[in-house]
Amino acid sequence: MTLPSTACADVADTAPLPATVLRQFDVAGPRYTSYPTADRFVEAFGADDYASALRARRDAGASAPPLSLYVHIPFCESLCYYCACNKVVTRHPERAVQYLAYLERETRLQAAQLGRRATVSQLHLGGGTPTFLSDAQLAGLLAMLRESFDLAAGGEQSIEIDPRTVNAERLSNLAALGFNRLSFGVQDFDADVQKAVHRIQPAHQVFGLMADARVLGFESINVDLIYGLPRQNDASFARTMDQVCELRPDRIALYAYAHLPERFKPQRRIAAEELPDAETRVRMLSSAIATLTAAGYVYIGMDHFALPGDPLAVAKRQGRLQRDFQGYSTQPEGDLVALGVSAIGRVGATYSQNAKTVDTYYDLLDQGRLPVVRGIALSRDDALRRAVIMALMCKGRVGFDAMGEAHRIDFRHYFAAEFAALGPLAAQGMVRLTDHDIEVTAQGWFVVRAIAMVFDRYCRDNRTRFSRVV
Ligand code: SF4
């Protein structure tokens, strides 16, 4: 198979974009873990619509696409001030007992619609803090899931780790439960920044856990970082990036902090005057990209880096990347059944989201109902734009003929306005427009979200709701 040049391009070979260019793209935008994005979900889409989508999957039998499971554990022991996640901060571990009982009810309801023991190729536990659960509770959760689903041998089993909640013994127990991928929430190694965001976790603790995880043979270890946090500056973040390179995780997710205190209450505890200004943020990003690429990391696409031998980097070289709610993925495009409070699933041409509060989630399950409270059934235009946006973000290329045939449109005619909007990006060297395709250039990968946004019918009026593009 001949792959488009940009799908094969290793961006590590390319000079990262200078801060002056990145600055031009520093506007708010979605992360496109879904399209349409979650702010477009409507309450008119409910549990019955979701149940229909599950039954359609059941009726598709062997031709149904691969299935992933996401389980949301909302509890955290302490509050990080930058947090925009759906979580419940509590010092009462017993709250998990009740939650797990409700998760079991939801799992049974969903599995009943699916109609048979579906094979799951990818399982992800996210939060909140999944390791809020004890090892025994995690073992019970896995056993409960196995009663309704077959977890495929050799499939991906990943879990988000708050380094403050685990030790070598717990990591060993996670390995014994079949978890083969870990994601450590690090954010920043600087003690002053950690204090400002109320998340104290000394670097030596993370280095120790990484060493333990390596000995235990976890296949791929990710580290999450955030730039734009209070008290970060060029020098402090450069030190953090040097430490990250020394830590050498297989994957790195480098997110921009979006300060939206009117939407996310914990962020009101962050002193706005301690936030780095826009120029500093962009400089930090630019130099972080330079540091990581110089250290041998491949820039995968929005926010994500991986070592060249990591499956994510291999998938990028081979044009097989996908995008899901966890970011980039190597799994073939498929359905995602999501379990737990606020969890978002994708089944067929629908997205659905569970109740956002634990109380409503419990209430709906007490009534014997699936706890879906909103979602969306994709229109033909949504499905087409989703395909275009995902192709740009994952493959760096959209071919007009193939996309036009698949969606029965004349691509250039349908997207005439978008072609006009791509003009300035082409002039800046971020995309190449030919008679038969759009290609993201090697430099364009650094601002691929801005390129994708051109095809987003909804985002124009909503930009302030999203994080910055770079
Ligand atoms: S950032 Fe993670 S650990 Fe911190 S409060 Fe939010 S969900 Fe909990």
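The values are calculated or read from the model by the stated rules, or taken from the named source; none is laboratory data. None of these values were measured; they are calculated from a predicted model. Counting neighbours? That spans all protein chains shown, and the Cβs are built from the backbone with ideal geometry, glycine included. For the accessible areas, the whole protein counts, side chains as well, though only heavy atoms, and no ligand, DNA or RNA atoms are used. Shrake-Rupley method; radii C 1.70, N 1.55, O 1.52, S 1.80 Å.
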If you check Asp150 against the conditions, is it acidic (Asp, Glu) and within 28 Å of Asp48 (Cα to Cα)? yes
Which of the residues spanning the stretch 292-308 are among the small types (Gly, Ala, Ser) and in contact with an Asp or Glu (Cβ under 8 Å, 6 or more places away or on another chain)? Ala306
Residue hits (the stretch 74-90; more than 7 Å from the ligand (Cβ to nearest atom), within 18 Å of the chain's Cα centre (by Cα) and either over 25 Å from Tyr227 (Cα atoms) or at pLDDT below 95 (or both)) are Ala84, Asn86
Go through (1) over 22 Å from Arg320 (Cβ atoms); (2) touching a residue at least 40 places away in the same chain (Cβ under 8 Å); (3) of a type in the set (Phe, Trp, Tyr) for Phe446 and report which single condition fails. (1)
Count of the stretch 206-244 residues which are of a type in the set (S, T, N, Q), surrounded by 19 or more Cβ atoms within 10 Å (Cβ to Cβ) and part of a loop (DSSP other than H, G, I, E, B): 1
Would you mind telling me which numbered condition in (1) away from the ligand (no atom under 16 Å from the Cβ); (2) at pLDDT 95 or above Arg95 fails? (1)
Please note which helices (runs of 4 or more DSSP H) are completely contained in the stretch 358-415 and include at least 2 residues that are hydrophobic (A, V, I, L, M, F, W, C) and either modelled with pLDDT of 95 or more or open to solvent by 10 Å² or more (accessible area, probe 1.4 Å) (or both). 358-366, 380-394, 400-407
Wholly enclosed strands (runs of 3 or more DSSP E) of the stretch 245-323 bearing at least 3 residues of a type in the set (A, V, I, L, M): 251-256
Given the condition more than 16 Å from the ligand (Cβ to nearest atom), part of a strand (DSSP E or B) and open to solvent by 20 Å² or more (accessible area, probe 1.4 Å), answer yes or no: does some residue in the stretch 41-63 qualify? yes
Looking at the stretch 255-278 only, could you name the residues that are touching a His at 6+ places or on another chain (Cβ under 8 Å) and of a type in the set (A, V, I, L, M, F, W, C)? Ile270, Ala272, Leu275
Quick one: Asn222 ticks every box in (1) within 29 Å of Asp150 (Cα to Cα); (2) free of Cβ contacts under 8 Å to residues at least 12 places away in the same chain except a single one, so which number is it? (2)
